[in-house]
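Written below as structure tokens is the structure these notes are about.
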Amino acid sequence: MDYNEEITDEFNGVKLWWSANRTTPRTQQFSFYPGADEKRFYTLKFHKRDRQVITGIYLSHVLKQGKAIAADNRQRKLYSNGAGQGWLGNRSSTTWTHVAFEHPATFDTLAMDEKKKREIKKDLVTFSNGKEYYAKIGKAWKRGYLLYGPPGTGKSTMVAAMANFLNYDVYDLELTTVKNNVELRRLLIETSNKSIIVIEDIDCSLDLTGQREEKKKKKKKDDKNEEGDPISAMSKNEERKESEVTLSGLLNFIDGIWSACGGERIIVFTTNHVEKLDPALIRRGRMDKHVEMSYCRFEAFKVLAKNYLDIDSHPLFGEIGNLLEETDMTPADVAENLMLKSDDDDDDDEVETCLKNLIEALKTAKEEASKKAEEDARLKAEKEQKEKEEAEKEQSVKEDVTQDAISAKEVKDNGVIH
């Protein structure tokens, strides 16, 4: 609003008038900050009989709507954490830095079964509107998602689609640059509300499964070898310095007392090997919803065909559907075969060429999978046969030893030596 401009509003049948105003000091004063001495304010006029409506409902409505509009119009951000540099070049505390978040992924373009997409979207909406519900049941307003599946199945794309759907910021947390549990907790506190905190490939991020002690022993051995060369030891000290974040620290990060600072946060773990993760890390209550990102099937293929080729049906769809049910191919590999090689989007011949290329790729993948299955079966049979032969040999040796023992006992009892 311009100064002295008046705008009329109406709320529940009540008419009001807003105006923007300012006052300047009567005496001229020198200031390094022009405009710092003036007072700026809004004036709201309404009838005296409507005072209760204005102070009780209307002002709260204005503030709530203002925050919603600001949230919709703001530039969302993608944050990442990295180790800073101290005065002497040594490693200092990890800090958040950000760039504009402009990933175009949406649930409409996500290659996934429509039923599963609707289920996830419904869960996200329920969470984002659940402030009072979470307060009622006494839980922190946060939710955990575990996205697991083979590489190329769209786990990172799913995170971007979730962020765009909810209009949330994204914090990409790299655990290997976090020095210890205290720093991890500080990074959590510095995240904003309405955000998604992502730890990608968590099974590779840190050793949280028990081999830490072996690494410590190896490090001590290396330190002992370098005692005679202190200069070399000093130069390698920073390079070898590992994160001291523990499984306990990560669990507290997810659902400890400090996790309740702030609200409306989603924590996402992605992994290619869910079986490697500690059960305590992914149990319900920490990772509330487990989403399997599987190989591309026909429903996901139709989404990709619409995205890349702008087609809803084609005579080759039947053959492709049958092959996809028999062959494991990731959405990323399917999409690569559907990429148009020219700018002529109306070229039907090129669309058919892309579909035929996909069919050939699926047939090749099917043959390779069949050969691999036969090879695995052969190796398994050889292994079982070898184990059987070794067991029979071991049994034969035991029987020979037993027979020798019996013969020796008979000789001893009879006192006869042949």
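The values are calculated or read from the model by the stated rules, or taken from the named source; none is laboratory data. All values reported here derive from a predicted model rather than from experimental measurement. A quick note on method: Cβ atoms are made from the backbone with ideal geometry, for glycine too, and the neighbour counts reach across all protein chains shown. Accessible surface areas use protein heavy atoms only, side chains included; no ligands, DNA or RNA. Shrake-Rupley method; radii C 1.70, N 1.55, O 1.52, S 1.80 Å.
Here are some notes:
- Each peptide in 98-105, 373-380 gets a packing score, the mean of other Cβ atoms within 10 Å over its residues, and the list from highest to lowest is 98-105, 373-380.
- Computed accessible area, residue 15, all protein chains, 1.4 angstrom probe, square angstrom: 110 Å²
- Shown is the FRET efficiency for residue 19 and residue 132, computed with R0 = 41 Å from the Cβ-Cβ distance and rounded to the nearest 0.05: 0.70.
- Surface accessible to a 1.4 Å probe, residue 326 within the full protein complex, Å²: 110 Å²
- For the stretch 324-396, with +1 on Lys and Arg beta carbons and -1 on Asp and Glu, the positive-most of 379, 329, 353 along the dipole: 379
- Gain in span if fully extended, residue 9 to residue 382, counting 0.36 nm per residue against the direct Cα distance: 125.9 nm
- Extending 7 Å from Cα along the Cβ direction at residue 339 and again at residue 370 yields two label points whose distance is 2.9 nm.
- Amide H contacts of residue 171 (H built 1.01 Å from N, in plane; Pro and chain starts excluded): 79, 196, 197, 198 sit under 5 Å, all sequence-distant by 5 or more or on other chains.
- Structure note, pairs 15/194; 155/341; 116/366: Cα-Cα distances above 28 angstrom occur for 15/194.
- By accessible area, using a 1.4 Å probe on protein heavy atoms only, the stretch 256-406 has 49% of its surface on carbon and sulfur.
- Taking the convex hull of Cα positions in the stretch 298-370, its mean projected area over all directions (nm²): 4.4 nm²
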